[in-house]
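See below for the structure under consideration.
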Amino acid sequence: FRFGIEHDVAFSKENSGSWAELDNGDRIWRLGVKAEDATSISFLFDRFVLHKGAELFIWNSARTEFLGSFSFKNNKKAGVFPVSLLHSDAVVIEYLVPAGVDEGELSLGMVVQGYRAIINQYEDEERGPYGNSGACNINVNCPEGADWQIEKKSVALIIDGGNASCTGALVNNTANDGTPYFLTANHCLGNPNTWVYLFNHEATNCNGSSGPTLQTISSGDLVASNGGSDFALIELSSAPPASYEVQYVGWDRSDDESVTASTSIHHPSGDVMKICFDEDNPYHANQGGAAVWYIDEWEDGVTEPGSSGSPLFDQNHRIIGQLYGGYAACSGEVNNGEADWYGRFGVSWDGDSPETRLKDWLDPQNVSPSVLDGWPEGAVQYANDASVSINNEIEGVLCQSTIYPTATIFNNGEENLTEAVVTVQLNGNTLEQVNWSGSLGSSQSAVVNLSPQELQNGENIFQVTVESEDDENESNNSSSVTFDAVTIENPSVFQLNLTLDEYPEETTWEVSDGATVLASGGPYSVEGALVVEEFCLPEGCFVFTIYDEASDGLCCDYGEGSYTIENQLNVEVASSNGEFTSEETQDFCASVTNVNENENTSVQFFPNPTSGRLTVMLDEANSMITVYDISGRKVIQVMNSASGILELDTENLTCGTYVLSVSSKRGDSRGVFLKE
């Protein structure tokens, strides 16, 4: 539905506007844009590549409303950036470039001159900024929508230039991690990179026609689509911030025709959010070559152009499809009684490749549930519903060969849970079944002790599954974790102490042996935080590499980041003040000579500290004496054929901490000394 006139322009900082230099050397580029009689102005920057430190603001002429700041964090893969509207007929674009920062690229390719108003000072007729739907539509905040206040938080209006073109919704995935996957219709597709996705555009009451217009996400990448069920899945360029309070709705891919009622939440003709209800069973059909859910007519409310791509929910508040087409519309203040049809989610699930199906994106855990509830709110409660989780901190890289797991059984159902069977699998092998009995009321839990399990060196997959009588929800019956284990004797444990700068999302790191990455971390999310990461390694020498995506290191223009790596003797083996560009590497070594609390460390030597010679007392003949530096490198090795006193010359050692190891038939003994 058209709400504005699109004007192609070619305004850039090179050919338009004016620059001004401030006393501190910063520069500001300003460009004024005026559209006669406009109720709003919005933009598409056809080149948008900002460098770190630069900021962009857009003000209305009265400087009472603005958008921004936009920064390099808003850069998109496609190099374009669509911007939502401001309510004015004239705006000023301000681009601040600090001294010493590259100007980057910035050019304006389209100005949208809006002619639909958001507030009544622009128009007498009460209507939304992007469109006005028929009189029989129902605002989502009318009493009829009271049971759908969670699901509405997933829905967004798609704005494409001067058109409010379609609707879509955020959908959950099996990782429950908030990846911003957005489901809409295949026939809505143009270039999702140039779209603006407007959330929470709803009237606050049952009769209003205006809603918020600033809760937007700009740009997104198409990851999958298929005309066979008319779906398109887009990954938004960023997750909506917490202040939007969005919901990632659940889904049902079973494609079962047992659906008893259906509901759609949408933006008809670009209007504020509406809702419609069908109290009958939708059924399978084929329409225009696509597999669809067919709705003969709506009992309350209708859809219109602009509703395309909107979610269809079943009676359990899960998505089963998205709007493909139909004849439904208002006839005055009543429904015209015509049909609509929705592409079927269950058909969209499978396809010939990840680019033509949903399952690769919405099931990253590869657990193949038939249904998935929403996140973070809105799960349906069943009469009988048991779930299970793994309690122990089994993740990342474990420096051990045995785990001692426990599991927790949860009763998510309304009825008491009295019996369950927990099955344990490790690396695909079923190792144990535990029969649990007791009495758990709704929302109660119980811990189940499991047997110790021996790990294999390298990757391990540990999974627990719960089964209970009459369980109605199988989607939460399993819990699994994939992790690596270093099962060699006496692995070396290291700790990375990483202080982040103001842009933690740029920082990643890895430890490799030159061929294989053995530990890694990042990107991060909290500015200036101290992050502590532990990893373990076998004996050998390794390369630590830290990366900064913006090529300005951890220090010092945008914070004072740094890092150290300590071995299990709490001795630094690597450190940095964070002053590097795109990456920094450091070598260090790990050795089984690191002290273990279970080993004999009673070797006797003096003086400690020493400035030259070190006297070692040997109880056994034919002893091997080895000295290692703090990184694990061997610096001295002597074979002594007799027991008694051995004089070690440490003159050539640099000042620092060393490990002394004595090996004989009686075993190993170790100690630490300081060279001054």
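What follows is calculated from the coordinates using simple rules that are stated; it is not laboratory data. Because the structure is a prediction, the values reported are computed rather than measured. All Cβ positions, even for glycine, are placed from backbone atoms using ideal geometry, and neighbour counts span all protein chains on display.
Working note: Karplus 6.51/-1.76/1.60 with θ = phi - 60° gives region 9-18 the couplings 9, 9, 9, 9, 5, 8, 10, 9, x, 8 Hz, where Gly and Pro are set to x. Exposure proxy ranking for 266, 201, based on other Cβ atoms within 10 angstrom of each Cβ and starting from the fewest, stands as 201, 266.
Arranged from fewest to most other beta-carbon atoms within 10 Å of their beta carbon, 216, 564 become 564, 216.
Just in region 501-555: which GluC sites (Glu not before Pro) are loop by DSSP and have at most 10 other Cβ atoms within 10 Å? Sparse-neighbourhood loop GluC sites (Glu not before Pro): none present. Look at 639, 624 and count the other Cβ atoms within 10 Å of each Cβ; fewest to most, that gives 639, 624.
Applied to region 54-71, the Karplus parametrisation 6.51 cos²θ - 1.76 cosθ + 1.60 on θ = phi - 60° returns per-residue 3J(HN,Hα) values of 7, 9, 10, 10, 10, 10, 6, 5, 7, 6, 9, 9, 8, 10, x, 7, 9, 9 Hz, with x for Gly and Pro. Judged by a Cβ-Cβ distance under 4.7 Å, the unpaired cysteines of the chain are 276, 655. Given (i) 32.0, 108; (ii) 26.0, 77; (iii) 26.4, 85 as candidate values of Rg and Dmax of the Cα atoms in Å, which corresponds to the one derived from the coordinates? It is the value labelled (i). Computed over region 604-675, relative contact order equals 35 percent, with contacts defined as Cα pairs under 8 Å that lie 6+ residues apart. Say the dipole of the chain comes from +1 at the beta carbon of Lys and Arg and -1 at that of Asp and Glu; which of 401, 208, 556 then lies farthest toward its positive end? It is 556, whose Cα lies furthest towards the positive end.
Overall form of region 386-484: prolate. Here a/c, set by the Cα gyration tensor axes a ≥ b ≥ c, is 1.5 or more, and a/b is the larger of a/b and b/c.
In the chain, taking the dipole from charged Cβ atoms about the Cα centre, the farthest positive-side position among 517, 187, 313 is held by 517. Label region 458-606 by shape, choosing from rounded, prolate and oblate, from the square roots a ≥ b ≥ c of the eigenvalues of the Cα gyration tensor; if a/c is under 1.5 it is rounded, and otherwise prolate applies when a/b is larger than b/c, oblate when it is not. Cα axes put region 458-606 in the oblate bin. What's the magnitude of the charge dipole for the chain around its Cα centre, counting Lys and Arg as +1 and Asp and Glu as -1 at the beta-carbon? Answer in Debye, nearest 20. Dipole about the Cα centre, nearest 20: 1320 debye.
Using θ = phi - 60° in the Karplus curve 6.51 cos²θ - 1.76 cosθ + 1.60, the 3J(HN,Hα) couplings for region 109-115 round to x, 8, 10, 9, 8, x, 10 Hz; x is entered for Gly and Pro.
Legend: residue pairs 34/153; 52/152; 13/73; 13/52, Cα-Cα distance threshold 28 Å; pairs beyond threshold, 34/153; 52/152. Close amide-amide hydrogen proximity is noted between residue 195 and 219, 220, each under 5 Å apart and 5 or more residues distant or on a separate chain (H modeled in the peptide plane; Pro and chain starts excluded). The alpha carbon centroids of region 231-253 and region 422-459 are separated by 33 Å.
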